[in-house]
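Asker: Below is a structure I'd like to ask you about.
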Amino acid sequence: MKNFNSSALHSHSQSTNHIRERNSRKYSLLSVLPLRFSLRGYGFCMATLFLFCFGSLFYQLNGGPPKILLDIRQYLGGSTYLDDHGQPAPRVLPFPSQVIYNRVGKCGSRTVVILLRLLAEKHQFNLVSSDIHNKTRLTKHEQVDLMKNISSIPQPFLYTRHVHFLNFTRFKIEQPVYINIIRDPINRFLSNYFFRRFGDWRGEQNHLIRTPGMKDDERYLDINVCILENYPECSNPRVFYIIPYFCGQHPQCREPGVWALERAKQNVLENYLLVGILEELEDVLLLLERLLPHYFTGVLNIYKSPDYKKMGNMTGTVRKQTPTLEALQVLYHRMRYEYEFYNFVRDQFHLTKKKIGLKSVSKPPAYSNDFLQQLALRTPEPLDEDEELETDLEDANSWLVHP
């Protein structure tokens, strides 16, 4: 028994010595390496990696380097990011963050602008509403200046102005998202005609402020006389009004014809997120809330609220009259391109509602203009444009007030 125990102890001693010898070899091999690994070193490496990843994330989310990195570079005497690369790229938001509403005169634009002012405060986006109402066509230099100014607005923003479509990509500037609203062309024309003369419910003297130089014989000119006797305000190119807003800044966009019509349609399909129709305004607001929730969430509740109704009722044009059937027929014929565009936009709007599955809540229009197409034309063709009318084309907007 004594010999057995001695043997066991000897064996255990050899085993322990063997382990120590093996560990000694391992540490001797590690000692040959230039770096020694330890828990403290491992923790330092992980902490450094974490700080680098966090700093990189912070950099990307804020569109530039963290301030601490700039301070360190400045302290070390090196150049900053701005010195080497210029301004950092603008922050890219996960939704359309640049929206333009190139509102068409007398198409409910003041109603929408009032809503936008309330929404901007609620959702914290930048609303820039231009007070320029009578300059819709711009020179190339003016176009570039305006587009650069628009692009410099802090995002997210919504810019609104009475201006014909601007093609940002033509000047290698990022194209914003466009939205707009139009209405039945004859109703728009009548609303503008009487608004210029008698204003709206905001005040009896409102029209005198907008058209102070209008003489009484022009202010009280009968609408039927204006249409049937071819007064400039009621004939081409003055009544060719909606299409240029979508056609653009090209000079041919101001000429009533197929070219301007087709170009306007193309721009609607390629550059506009939504073009609604005023006759279905509640559906327009619902679609805007669905397509641009970060701008329009809750817009319909505001629109239906009693407080808003008090403000909205002040924008209606007063003393409007309906022309005779003959005058309407003549006007409709002069606006045949406007109506073709209006019908195109209305069909596209209804298609969008169907795709989204929106159940319409808007009331149908009080009457249809289809009956005008069936009437026999009893007046001469509207005047064609020629070189002598070029001056009239340039100042056409002086006849139309953009509220």
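The values are calculated or read from the model by the stated rules, or taken from the named source; none is laboratory data. What you see is a predicted model; the values in this text were computed from it and never measured. Glycine gets a Cβ as well: all are built from the backbone with ideal geometry, and neighbour counts include every protein chain shown.
Asker: Given (1) farther than 25 Å from Tyr337 by Cα; (2) touching a helix residue (DSSP H, G or I) at 6+ places or on another chain (Cβ under 9 Å), identify the lone condition not met by Lys172.
Answerer: (2)
To keep it simple, each residue is scored yes or no on (1) in contact with a Lys or Arg (Cβ under 6 Å, 6 or more places away or on another chain); (2) hydrophobic (A, V, I, L, M, F, W, C); (3) in contact (Cβ under 8 Å) with a residue 60 or more places away in the chain; (4) more than 25 Å from Asn126 (Cα to Cα).
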{"position": "Val268", "(1), (2), (3), (4)": "no, yes, yes, no"}
{"position": "Leu273", "(1), (2), (3), (4)": "no, yes, yes, no"}
{"position": "His294", "(1), (2), (3), (4)": "no, no, yes, no"}
{"position": "Pro323", "(1), (2), (3), (4)": "no, no, yes, yes"}
{"position": "Tyr342", "(1), (2), (3), (4)": "no, no, yes, yes"}
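Asker: I'd like to know if region 228-243 contains one or more residues that are among the basic types (Lys, Arg) and either more than 30 Å from Phe168 (Cβ to Cβ) or modelled with pLDDT of 95 or more (or both). Don't jump to the end; show me each part of the working.
Answerer: Looking only at region 228-243, we keep the residues that are among the basic types (Lys, Arg), and these are 238.
Now restrict to residues that are either more than 30 Å from Phe168 (Cβ to Cβ) or modelled with pLDDT of 95 or more (or both): none.
No, that holds for no residue.
Residue-wise test of (1) surrounded by fewer than 18 Cβ atoms within 10 Å (Cβ to Cβ); (2) within 24 Å of His133 (Cβ to Cβ).
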position: Glu255; (1), (2): no, yes
position: Leu286; (1), (2): no, no
position: Arg290; (1), (2): yes, no
position: Thr297; (1), (2): yes, no
position: Ile302; (1), (2): yes, no
position: Val330; (1), (2): no, no
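Asker: Given (1) of a type outside the set (Asp, Glu); (2) modelled with pLDDT under 95; (3) exposed (fewer than 13 other Cβ atoms within 10 Å of the Cβ), identify the lone condition not met by Gly105.
Answerer: Going through (1) of a type outside the set (Asp, Glu); (2) modelled with pLDDT under 95; (3) exposed (fewer than 13 other Cβ atoms within 10 Å of the Cβ) one by one, Gly105 breaks only (3).
Asker: Further, regarding this structure: Restricting attention to region 120-134, which residues are out of contact with any strand residue (DSSP E or B) (no Cβ under 8 Å at 6 or more places or on another chain) and in contact (Cβ under 8 Å) with a residue 12 or more places away in the chain?
Answerer: First, pick out the residues of region 120-134 that are out of contact with any strand residue (DSSP E or B) (no Cβ under 8 Å at 6 or more places or on another chain): 121-124, 131-134.
Of everything in region 120-134, those that are out of contact with any strand residue (DSSP E or B) (no Cβ under 8 Å at 6 or more places or on another chain) and in contact (Cβ under 8 Å) with a residue 12 or more places away in the chain turn out to be Lys122, His123, Ile132, His133, Asn134.
Let's see how each residue does on (1) modelled with pLDDT under 95; (2) out of contact with any strand residue (DSSP E or B) (no Cβ under 8 Å at 6 or more places or on another chain); (3) part of a helix (DSSP H, G or I); (4) among the hydroxyl-bearing types (Ser, Thr, Tyr):
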{"site": "Phe246", "(1), (2), (3), (4)": "no, no, yes, no"}
{"site": "Gln249", "(1), (2), (3), (4)": "no, yes, no, no"}
{"site": "Cys253", "(1), (2), (3), (4)": "no, yes, yes, no"}
{"site": "Gln266", "(1), (2), (3), (4)": "no, yes, yes, no"}
{"site": "Leu269", "(1), (2), (3), (4)": "no, yes, yes, no"}
{"site": "Val275", "(1), (2), (3), (4)": "no, no, no, no"}
{"site": "Arg290", "(1), (2), (3), (4)": "yes, yes, yes, no"}
{"site": "Asp307", "(1), (2), (3), (4)": "yes, yes, yes, no"}
{"site": "Met311", "(1), (2), (3), (4)": "yes, yes, yes, no"}
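Asker: Now a separate question. For the condition in the same structural domain as Gln252 (by TED's automatic domain parsing), of a type in the set (A, V, I, L, M), touching a helix residue (DSSP H, G or I) at 6+ places or on another chain (Cβ under 7 Å) and modelled with pLDDT under 95, what is the one hit in Ile181, Ile114?
Answerer: Details: Ile181 fails: modelled with pLDDT under 95.
Answer to the check: Ile114.
Asker: Sticking with this structure for a sec: Quick one: Ser152 ticks every box in (1) under 26 Å from Arg254 (Cβ atoms); (2) surrounded by fewer than 15 Cβ atoms within 10 Å (Cβ to Cβ) bar one, so which box is it?
Answerer: Answer for Ser152: the failing condition is (1).
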